[in-house]
1. Name the residue farthest towards the positive end of the dipole of region 19-110 from the options 94, 109, 74, assuming +1 on Cβ of Lys and Arg, -1 on Cβ of Asp and Glu, about the Cα centre.
2. Per residue, how many Å² of accessible area does region 1-124 show with a 1.4 Å probe?
3. Rounded, prolate or oblate: which fits region 1-107, taking a ≥ b ≥ c as square roots of the Cα gyration tensor eigenvalues, rounded meaning a/c under 1.5, else prolate when a/b beats b/c?
4. So what's the net charge close to residue 23: Lys and Arg +1, Asp and Glu -1, counting the other residues with Cβ under 14 Å from its Cβ?
5. Trypsin sites (Lys or Arg not before Pro), restricted to region 1-48: which are DSSP loop and have at most 12 other Cβ atoms within 10 Å?
6. Sorted by average packing, counted as other Cβ atoms within 10 angstrom per residue and highest first, what order do 109-118, 65-74 take?
7. Which of rounded, prolate or oblate describes region 1-58 when judged by the alpha-carbon gyration tensor and an a/c cut-off of 1.5?
8. Tell me, what ³J(HN,Hα) does each residue in region 115-122 have, in order and in whole Hz, if you take phi through Karplus 6.51 cos²θ - 1.76 cosθ + 1.60 with θ = phi - 60° and put x for Gly and Pro?
Amino acid sequence: MSRADAPWLHMEAPTNLMMLTALFTFRGVIDPERFRQMLEERLLPYERFRMRVRYPKIGLGRPLWKQYRHFDLGDHLELHQLPEPGDAPALMQLVSQLMSTPLERDRALWKFHLVHGYQQGSALVCRIHHAIADGIALLKGLLSLTECEGEDLLEAPRRATAALAQGDLKVKPSKLIDLAKVYGTAATALGKLLLEGAPARPVKGPVTVEKR
């Protein structure tokens, strides 16, 4: 594991799981089998998603990425039926539960949750450990899931990336870096505003295991 990735693993604590969580919502219902096939074709070619973390036996040195024989995509794809009324608060409650739950360390450090019953469509919660890759690499990986040919399986994310043409992503990887810089600058400014200008109670309380 690289010197840049290993600290994300070591910094993890019950109150800070070091997971990146992405939520997608869709107008239509996603077929689980088609979605599984898409993951096999588009996500699993990134070998990091088929590896788990191994630690040095003597306790020294950085952790290692190792492929393992018993990798099963089923361990990383879970189906949920959102309880009635299937609205945004119900979805947010499920996301809160998932964000508060650590991933299993003896498996690859990611898991996708396909949620049915959200309004008239579906939702997808992607949980990926920061040690797998940095934000730009993960952005590129998630965007690769949206480039469907013919009938779109994932229609909503394509609309979400309309400001950045898919063709540009293919021929100009620098566009990803530019996009990250723009959002990174905005996030830094927002963070300063929240920490310095907002009331103390909403943003400066004790860190807890439960996330919302």
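1. 109
2. With the other protein chains kept in place, region 1-124 gives 59 Å² per residue.
3. Here region 1-107 falls in the oblate category.
4. Once positives and negatives cancel, what remains is +4.
5. For trypsin sites (Lys or Arg not before Pro) across region 1-48 that sit outside H, G, I, E and B with at most 12 neighbouring Cβ atoms in 10 Å, the list reads 3, 27.
6. Ranked from most to least packed, the peptides come out as 109-118, 65-74.
7. In terms of gyration-tensor shape, oblate.
8. 10, 9, x, 8, 6, 9, x, 9
The values are calculated or read from the model by the stated rules, or taken from the named source; none is laboratory data. In this text the structure is predicted, and so the values were computed from the model without any measurement. Every residue, glycine as well, gets a Cβ built from its backbone with ideal geometry; the counts of neighbours run over all protein chains shown. Note: accessible area is taken over every heavy atom of the protein model, side chains too, but ligands, DNA and RNA are not part of it. Shrake-Rupley method; radii C 1.70, N 1.55, O 1.52, S 1.80 Å.
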